[in-house]
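Values in this text are rule-based calculations from the coordinates and carry no lab data. Note that the structure is predicted; figures quoted are calculated from it, not measured. All Cβ positions, glycine included, derive from the backbone under ideal geometry; neighbour counts span all protein chains shown.
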Amino acid sequence: MKVIRSTVAVLFIAGLVGAMGSLSHAASSKNKKFDLYSWQKEGEANWCFVLVTSTSTLMDAATAKADKNVVCGHHNLKRLMGQTMPANSTVFWKVNEPEGLVLAPMDVVNDLRRFAPTMEYKIKLPDDVSAR
């Protein structure tokens, strides 16, 4: 009987520690920063996007297009954002024009700008297009 109580106590404590670990992980995921790249799919009118954890370097086209988070169509991008980004996240839309990673058309940009506050996101555009 003493062994069973000890085992139950150990399992209970392990469960508490595990729950506390997930809470601290959830707290640490707040205010995440992401980079967004976009390009027009070759031979199509559709635009593709990749959303990655923010870095201080620009991504090249080969890396962007091979990433597991590539989606085509901005509605699919909104779905991906909602599934992967916590509230209070900031998205830095980056361009690398020599690589073909450019800003999507302004109607797409503006739709994402309207969507962002509904999910408590902020979208930061490259400096040269912020005023459009």
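Of all residues in segment 62-104, which are closer than 19 Å to residue 124 by Cα, under 12 Å from the mean Cα position of the chain (by Cα), among the polar types (S, T, N, Q) and surrounded by fewer than 19 Cβ atoms within 10 Å (Cβ to Cβ)? 84, 88, 90 - these are the residues of segment 62-104 that are closer than 19 Å to residue 124 by Cα, under 12 Å from the mean Cα position of the chain (by Cα), among the polar types (S, T, N, Q) and surrounded by fewer than 19 Cβ atoms within 10 Å (Cβ to Cβ). Restricting segment 48-61 to residues that are polar (S, T, N, Q) and farther than 18 Å from residue 116 by Cα, the residue that is surrounded by the fewest Cβ atoms within 10 Å (Cβ to Cβ) is 56.
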